[in-house]
1. Of the residues A:Q150, A:Q115, which is more than 18 Å from A:R278 (Cα to Cα) and of a type in the set (S, T, N, Q)?
2. Which residue pairs have Cβ atoms under 8 Å apart, sit 6 or more places apart or on different chains, and have a first residue in the stretch A:345-372 that is closer than 13 Å to A:R415 by Cα and a second that is in a loop (DSSP other than H, G, I, E, B)?
3. Taking the conditions exactly as written (assigned by TED's automatic domain parsing to the domain that holds A:D128 and away from RNA strand B (no atom under 14 Å from the Cβ)), does A:G295 satisfy them or not?
4. A:S392 is checked against (1) buried (at least 19 other Cβ atoms within 10 Å of the Cβ); (2) touching a Pro at 6+ places or on another chain (Cβ under 8 Å) and fails just one. What number does that condition carry?
5. Here are some residues: A:S134, A:S95, A:S104. Which one is surrounded by fewer than 20 Cβ atoms within 10 Å (Cβ to Cβ) and modelled with pLDDT of 95 or more?
6. Just to verify a result, which residue in the stretch A:359-372, among those that are within 16 Å of A:T395 (Cα to Cα) and surrounded by 13 or more Cβ atoms within 10 Å (Cβ to Cβ), is farthest from RNA strand B (Cβ to nearest atom)?
7. So A:T341 ticks every box in (1) in a helix (DSSP H, G or I); (2) under 25 Å from A:A19 (Cα atoms); (3) not acidic (D, E) but one. Which box is left unticked?
8. Which is in contact (Cβ under 8 Å) with a residue 24 or more places away in the chain, farther than 18 Å from A:G283 by Cβ and assigned to a loop (DSSP other than H, G, I, E, B), of A:D133, A:D157?
Amino acid sequence: MGTIQAVKGTRDFYPEDLAFRRWLYERIREVSEGYGYEEYDGPFLERLDLYAARSGEELVRKQSFVFPDRGGEMIALRPELTPSLARMVAMRSQSLPRPLRWWSFGPFWRYERPQQGRAREFFQWNIDLLGVDSPEADAEIAAIAGALFQAVGLGPDKVQILVNDRRLAERQLSQMGIDPEKRTGVFHLIDARDRMSKPAWDRQAAELGLGAQTVKELDSTLNDRQAWKDSAELTAFFAATEALGVAESVLYDPSIVRGLDYYTGIVFEARDTSGEFRAILGGGRYDNLVSDVGGEPIPATGFAMGDMVIHLLMDKTGVSPTIRSKPTQVLVPSFDVESMTEAISLSAELRACGLRTEWYPTAVRLSAQLKYADRHGIPLAAIIGPDEISSSSVTIKDLRTGAQENVPRSQAGPRLVEIASGAG
RNA sequence: GUGGCUGUAGCUCAAUGGCAGAGCACUUGACUGUGGAUCAAGGGGUUGCGGGUUCGAGCCCCGUCAGCCACCCCA
């Protein structure tokens, strides 16, 4: 190709691609606002220090796009939103009325090897509930995730939200006599269990210094689907998700611990039930983050969902909508050179009636102009040629049904509005 | 950051080391006032890029870039 290549890991959004992104954004907005959440956004650029606070070694050191500004300050393209949210809340923690229900949708960047479901530039939905320290708050957040899946056609048979509580997991490890210092390593081990073979997993467990008896106990704990009953928080959580009507979508899973360091309580992630793709979304409770960036302590819970995996899953399960990127409702063909001015003025009249109207700019064959309308899914055509001009009329054609009628020119706009609104 | 696979038309893919092709899409015509279907024709390529081997490279070799897959990590 002679053209300059796109930046690695970025995506071009042609009109049909942007149409899907906007459609997803609209579903996200409807669901978020349905629970009373306000839209906000942070800057795309942040000081690298912000992430150094808590996000985790890997994310900051290796996966951020970082550059020095002209003053030498290290700046990062935001790899996630939660630290920005914590900073924004911390800066006004005295004046913001609580609880805070905020959501956002925008671009993020991570310097990683692109592959299926993962790019270097991606879009992400963030939704958070701050100022409430209760399992019921976590349950609302999980219910919102379930509501979004429902809204895009991914029912409980296709997506499950898998839930655990770090406090329960830590208690379980303590009961097994596992040193608190080994927790992080053991959490990673737990996280990797379904991706590794049994022998490899046992070997890594041994490397961590876990005895055979401990490994056995750990294994049986990870298979105990009833252990949530030992947790007051999870018991309250599941009672609340049932009341919220999403009981079928949430499931206790003792192997969910999540990678980010700032989670402090209930954690969850959504997976496709076929197990084909990586996590669709992930989140949980992070009660210390706001104070970590300098604010007064505010408990918080929330999640982030990328735009790529859910799209892959929707395509695979056949629930992706077919979206028309062309907004035009009415095409006004240019019948011939002589009537072109009339066609232009007709299109202006139709626009004045509130119709999204497109004038065909060259007087080519009428069949070619109607074919253009057909290819773009434009439902209506308003034809004005020599016959119509001499009788002060317009021929209206509904391309969906093939029906055609001739109306006085003064009636063309109102009649088209009627047809376009489905009343015709 | 590590390892593997693959790069040919807008898309999906052919072509034994010997004339770069097909289907879909696009444009035009069959059809001088009517789209979808059918038929026909046409446009579109520095075979990702750079080097090497060879009489001759889309094909073989080296490098590079990109895509995909598995790690790592995570949305």
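The values are calculated or read from the model by the stated rules, or taken from the named source; none is laboratory data. Not measured: the values here are computed from a predicted model. In this analysis, Cβ positions are derived from the backbone assuming ideal geometry, glycine residues included, and neighbour counts consider all displayed protein chains. SASA here: full protein model, heavy atoms, side chains in, ligands and nucleic acids out. Shrake-Rupley method; radii C 1.70, N 1.55, O 1.52, S 1.80 Å.
1. Working: A:Q115 fails: more than 18 Å from A:R278 (Cα to Cα).
Every option except A:Q150 fails the conditions.
2. Qualifying pairs under 8 Å: A:L355/A:Q329.
3. Values: assigned by TED's automatic domain parsing to the domain that holds A:D128: yes; away from RNA strand B (no atom under 14 Å from the Cβ): yes.
For A:G295, the condition - assigned by TED's automatic domain parsing to the domain that holds A:D128 and away from RNA strand B (no atom under 14 Å from the Cβ) - is met.
4. (1)
5. On the way: A:S95 fails: modelled with pLDDT of 95 or more; A:S104 fails: surrounded by fewer than 20 Cβ atoms within 10 Å (Cβ to Cβ).
Just a single option satisfies the conditions, and that option is A:S134.
6. Filtering the stretch A:359-372 down to residues within 16 Å of A:T395 (Cα to Cα) leaves A:359-360, A:366-367, A:369-370.
Still in the list and also surrounded by 13 or more Cβ atoms within 10 Å (Cβ to Cβ): A:359-360, A:366, A:369-370.
Working: A:W359: 16, A:Y360: 11, A:L366: 4, A:Q369: 8, A:L370: 3 Å.
Filtering the stretch A:359-372 for residues that are within 16 Å of A:T395 (Cα to Cα) and surrounded by 13 or more Cβ atoms within 10 Å (Cβ to Cβ), the one farthest from RNA strand B (Cβ to nearest atom) comes out as A:W359.
7. So A:T341 meets the others, but not (2).
8. On the way: A:D133 fails: farther than 18 Å from A:G283 by Cβ.
Going through A:D133, A:D157 in turn, the sole match is A:D157.
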